[in-house]
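Rule-based calculations on the coordinates, nothing more; no lab input. Nothing here was measured: the structure is a model prediction, and the numbers come from that model. Positions of Cβ are backbone-derived with ideal geometry, glycine not excepted, and every protein chain shown enters the neighbour counts.
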Amino acid sequence: MRVNFYATLRTAVGQKTVELSLPDGSSAQALAHEIARRWPALADRVVDAEGGISRRVHFMLGGRNIRWLPEGAATKLAATDVIDVFPPTAGG
Amino acid sequence: MDLQSFGQSMAHVDLGAGDVEIRPAPDEWVRKFIGARGLGVRYVLEAGPDVEALSPENLLCFVNGPLTGSETSMSGRWACVTKSPLTGTVTDSHQGGWAGARLRWAGLDGIIVSGRADSPVYLFVEDGKIELRDASEVWGKGIHETVAFFQKRYGKKNLSVNAIGPAGETLCRFAAWLNEDDRAFGRGGTAAVGGSKNLKAIVIRAGTQKSRDVDADAWKKVRRQALDRIRDEKNITSPKKGGLSVYGTNVLMNVTNSIGALGTRNSQLTSFGERAEAISGEYVEQNILVGDPTCHACPVACKKEVEIKQGPWKGLHMESVEYEPAWALGANCDNDDIASVAKMIDQCNDLGMDPIELGNALSMYMEASEKGWVEGNGLAWGDTLAMIAMTDAIARREGEGDLLAEGPARAAEQLGHPEIAMACKGQAVPAYDPRGLKGMGLGYATSNRGACHLRAYVAAAELGVIDVEVDPLEWQGKGELVKVFQDLHAFSDSLDLCKFSAFAEGADEYAAQYAVARGEPFTADDVMLAGERIYNLERYYNNLAGFGEGSDTLPARFTREASTQAGSKGHVSELDQMLGEYYSVRGWKDAVVPEDKLRQLEIP
Ligand code: SF4
């Protein structure tokens with residue numbers, strides 16, 4: 001699946017877009033763990049102390065924050081999905 | 001400077017008579033309305049809500065808050081409050097930089113301007129004194145040249161020049177004041193009020209002053225608590241680490257684009273797709289960023305200074321590329337050329353105009369042109385050279401620019417198509433599409449100064465950057481949330497702290513700092529009560545000025561034309577349902593504050 005990183009996460013990853021090969025049907029939470037494994041410096045920004053998706057990261061699937069999708073962190077991802085990953089972001 | 005005596009030194013300037021008098025604000029007003037925004041609205045009410053905005057009788061109030069210029073973080077702000085020539089409502093707008101702080105250090109808490117000078121004048125403030133001086137040499141000049149002129153005359157050191165440009169002089173209805181070249185009283189056309197009074201500038205000279213009359217230990221402690229929150233790495237304000245600090249406000253471009261909340265082509269679409277990246281904070285940071293300027297006492301440094309390295313605007317060095325103008329002049333006008341966006345922001349800084357209103361005027365005209373509704377040459381989507389030429393023409397009211405200088409709402413009305421103006425109460429919408437961020441839409445509709453993102457920045461909750469986190473597409477619960485944000489911001493705008501303090505601080509921190517600064521107890525509940533009182537005072541003014549039941553609206557595009565883009569696809573704004581909830585928690589009868597509410601809140 002294609003993962004786009006934004007803002008300070010992009011700086012840590014070093015590029016905007018990364019192709020990650022997770023099994024079809026992996027959960028959003030599994031994606032968070034894969035990101036933490038690939039970029040250890042991001043681990044505590046994407047995974048919380050209980051192993052869930054941290055509140056300091058937002059995974060957008062089809063423009064929806066997975067937090068608001070019915071299955072939340074358990075939302076299944078397809079290999080063809082594009083996921084946008086943001087740190088908390090606001091301005092004015 | 002004495003913090004506790006805030007409000008004792010208000011300068012009243014009658015431009016017609018040439019008189020200046022310094023006297024205290026009524027104690028009761030300071031107690032009830034705090035300062036800056038709240039106190040300014042109370043002053044403006046004195047001229048009567050029926051006053052013509054561009055008449056000599058309208059009051060133009062520049063008001064500090066009790067914390068302005070103090071050592072507390074993000075306290076470099078002051079408010080310009082008046083009746084708006086754009087909306088006919090009371091309006092207030094806030095500048096960063098150092099001008100407000102310098103006014104405080106020079107010994108004044110505010111300047112209340114009335115009348116009209118026979119010829120162009122400026123105000124010179126120093127050592128507790130304020131004088132009217134001749135401005136004929138700078139009348140007609142751009143703001144950059146005006147600033148340079150006064151810097152040559154008075155020296156750069158400790159000097160702030162707050163000026164209007166040609167747009168204010170020609171009474172463009174969205175003309176803005178700017179200090180230090182690029183910090184604006186941006187919204188509501190306050191500089192047209194300056195132009196109508198023949199007031200070109202306020203020049204202030206004052207060195208830094210420390211607060212003398214506070215409990216030093218307590219003051220240090222409450223400031224430290226607030227600063228710790230701002231510095232906390234979990235917050236977007238964290239210096240050099242948080243998104244706001246690293247990328248500035250334009251860190252938002254990609255996220256609103258991703259969730260289908262980035263109005264595009266005059267809000268006909270809700271996403272700019274792949275093209276948003278080219279006008280985003282990330283792009284700016286990687287390609288054209290040269291500095292991170294800040295304001296008085298602010299470690300966040302969210303301002304973004306850029307230099308254009310190629311193309312027709314090569315060599316342009318300016319600040320600041322913010323999210324709002326990058327949206328208004330970018331995606332909203334189908335323009336993905338960041339250099340042209342920087343150029344137009346700099347034009348706004350020099351001509352003295354609000355880039356949000358400008359971008360909406362241009363996008364409205366582009367849609368009208370496409371549909372064959374204009375008589376002149378019209379404007380094509382994303383035609384940057386034509387946009388830049390039109391920006392100049394608007395400020396000088398030349399050709400088609402004269403129509404657009406009226407603002408998009410009036411201009412669309414004159415074209416016979418009011419439905420293509422994306423405006424509430426005559427003021428154009430900012431960069432959060434109400435179909436993708438439902439609470440922001442309710443905030444636009446119920447804002448007392450016309451469409452505005454800063455009256456109730458519920459995006460902080462809808463985008464998940466504060467502890468309260470809500471689904472942006474859910475309408476239920478937004479009525480109460482918007483009220484809470486409106487009241488909290490009304491208080492911080494009256495202190496006057498930067499709005500972005502709310503990403504790290506809350507009512508507890510505001511109350512603690514205000515209590516020590518005033519030397520009297522003040523709680524978080526008092527913060528919310530004072531904020532509610534100020535919000536209701538503004539609403540009371542607007543009700544008297546003719547904004548009655550049914551006046552809280554959104555353009556039909558947001559309530560009837562469903563989004564077709566990912567994230568918000570199929571959604572419209574459920575404004576009526578949200579308004580029902582909102583009026584119920586406000587205790588209002590539709591858009592009107594009832595008598596018992598006024599009495600309960602001690603208004604006026
Ligand atoms: S956060 Fe930005 S706008 Fe606010 S005071 Fe700091 S530098 Fe100025």
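The length gained on full extension between A:Thr17 and A:Ala43, counted as 0.36 nm times the residue separation minus their Cα-Cα distance, comes to 7.5 nm.
Comparing Cα centroids, segment A:32-84 and segment B:265-331 end up 28 angstrom apart.
What does the highest-first list of B:459-471, B:302-314, A:58-70 look like by mean Cβ count within 10 Å?
Values: B:459-471: 21.2, B:302-314: 17.6, A:58-70: 19.3.
The packing order, highest mean first, is B:459-471, A:58-70, B:302-314.
For the protein assembly as shown, DSSP calls about 80 percent of its internal beta bridges antiparallel. Applying the Karplus relation 6.51 cos²θ - 1.76 cosθ + 1.60 with θ = phi - 60° to segment B:361-376 yields 3J(HN,Hα) values of 5, 5, 5, 4, 5, 5, 5, 4, 5, 4, 8, x, 9, 10, 8, x Hz, where x marks Gly and Pro. For B:Gly96, the amide hydrogen comes within under 5 Å of the amide hydrogens of B:Ala184, counting only partners 5 or more places away or on other chains and with H modelled in the peptide plane.
Given the pairs B:Lys129/B:Lys240; B:Lys32/B:Lys240; B:Lys240/B:Lys309; B:Lys156/B:Lys221, which are separated by over 30 angstrom at their Cα positions?
Over 30 Å Cα-Cα: B:Lys129/B:Lys240; B:Lys32/B:Lys240; B:Lys156/B:Lys221.
Based on the Cβ-Cβ distance of B:Glu370 and B:Asp508, what FRET efficiency does E = 1/(1 + (r/R0)^6) give at R0 = 51 Å, to the nearest 0.05? List each step's numbers first, then the result.
Numbers: r = 51 Å, r/R0 = 1.00.
Efficiency, rounded to the nearest 0.05: 0.50.
Once backbone amide H atoms are built at 1.01 Å from N, B:Cys298 has B:Met74 as its partners under 5 Å, excluding neighbours fewer than 5 places away on the same chain. Per-residue shielding of A:63-71, expressed as the average number of other chain Cβ atoms within 10 Å of the residue Cβ, stands at 5.
Peptide A:3-12 has a mean of 5 when you count, residue by residue, the C-beta atoms of other protein chains within 10 Å of its C-beta. Judged by the ratio a/c of the largest to the smallest principal axis of the C-alpha gyration tensor, chain A counts as rounded, that ratio being less than 1.5.
Between the alpha-carbon centers of segment B:1-53 and segment B:119-198, tell me the distance in whole angstrom. Spelled out, the Cα-based centre of one part sits 20 Å from the other. When both bridge partners sit in segment A:2-86, DSSP labels roughly 75% of those beta bridges antiparallel.
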